[in-house]
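To start, the structure under review is shown below, and the notes come after it.
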Amino acid sequence: MIFDVEIKVLDASAEDVVCAVEKLEIAAGWMSAGMENRAEVSRLLKNSFICVGAYVGGEMAGFARALSDGVETAYIVDFTVLPKFRRKGVGTQMCRFLVAGLKDFNIPKILCISTPEAKNVYSKVGKPLENCSPIRFV
């Protein structure tokens, strides 16, 4: 790892957090630039079980959140790291922090659907779920 990274739980109502997450969502290609994003980002943060950010030099370098019932299952979603911080250990540290946080809530099943790009990050922290296939309901 090259960067000094601070990982922390995010305050979903903080305007600076909403702006930083919006920037990451746009960089990941999940949103296009526009003010209408702020309300959407604010809603997705507030409706999440836990949100974490990875900071390098005060800049949010990565973001991830989990959806959960708080009892049995949590799903990691919206996991992204800014391109200039990728392949430097930022994502792995963030994933470990998020999984540890979910385990602190005694949630036994922590799952995600991985993109090919993120598979290596997740594989350092967890293991593939055998005999399962992701299904999309459109």
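Throughout, read-outs are computed from the coordinates displayed, never taken from laboratory work. As the structure is a computational prediction, the values presented were derived from the model and not from experiment. Counting neighbours? That spans all protein chains shown, and the Cβs are built from the backbone with ideal geometry, glycine included.
Can you compute the modelled spin-label distance between residue 109 and residue 137, with each label point 7 Å from Cα toward Cβ, in nm?
Calculated label separation equals 1.4 nm.
Return the long-range amide H neighbours of residue 5 (sequence gap of 5 or more, or a different chain), with a cut-off of under 5 Å between placed amide H atoms.
Close amide H contacts, sequence-distant or interchain: none at all.
Hey, rough spin-label estimate for residue 28 and residue 71, points 7 angstrom out along Cα→Cβ, what's it come to in nanometres?
With each label point 7 Å from Cα toward Cβ, the separation is 2.8 nm.
Going by average Cβ neighbours within 10 Å, how do the peptides 23-31, 100-108, 60-68 rank, with the highest at the top? Please report the intermediate quantities before stating the final value.
Details: 23-31: 15.6, 100-108: 13.9, 60-68: 22.6.
Ranked from most to least packed, the peptides come out as 60-68, 23-31, 100-108.
If you place +1 on the Cβ of every Lys and Arg, -1 on the Cβ of every Asp and Glu, and leave all else neutral, what size is the dipole of the chain about its Cα centre, to the nearest 20 Debye?
Roughly 520 debye, rounded to the nearest 20.
Give me the net charge for the shell around residue 41: Cβ to Cβ below 15 angstrom, other residues only, Lys and Arg +1, Asp and Glu -1.
Spelling it out: positives minus negatives among the neighbours equals -3.
Report, for the chain, the % of DSSP beta bridges that are antiparallel, rounded to 5. Working shown, then result.
Working: 18 of 22 bridges.
Among the beta bridges of the chain, antiparallel pairing accounts for roughly 80 percent.
Between residue 100 and residue 6, what is the spin-label point distance in nm, taking each point 7 Å from the Cα along the Cα→C-beta axis?
The modelled label-to-label distance comes out at 1.6 nm.
Would you mind calculating the relative contact order of the chain from Cα pairs under 8 angstrom and at least 6 residues apart, reporting the percent as a whole number? Intermediate results must be reported in sequence, preceding the final value.
Working: 196 pairs, mean separation 30.4, N = 138.
Normalised by residue count, the contact order of the chain is 22 percent.
Per DSSP H run of n ≥ 4, the term is -39500 (n - 2.57); total these for the chain, divide by its residue number, and report the mean residue ellipticity at 222 nm rounded to 500 deg cm²/dmol.
It comes out at -10000 deg cm²/dmol, rounded to the nearest 500.
Work out how far the C-alpha atoms of the chain reach from end to end along every principal axis, then list the three figures in whole Å, largest first.
Principal axes ranked by extent give 41, 36, 28 Å for the Cα atoms.
HN-Hα J couplings of the range 65-70 from phi, Karplus 6.51/-1.76/1.60, θ = phi - 60°, integer Hz, Gly and Pro as x?
Per-residue couplings from phi come out as 9, 10, 9, 7, 8, x Hz.
Net charge around residue 82, counting only other residues with Cβ within less than 12 Å of its Cβ (Lys, Arg = +1; Asp, Glu = -1)?
Neighbour charge sum, excluding residue 82 itself: +3.
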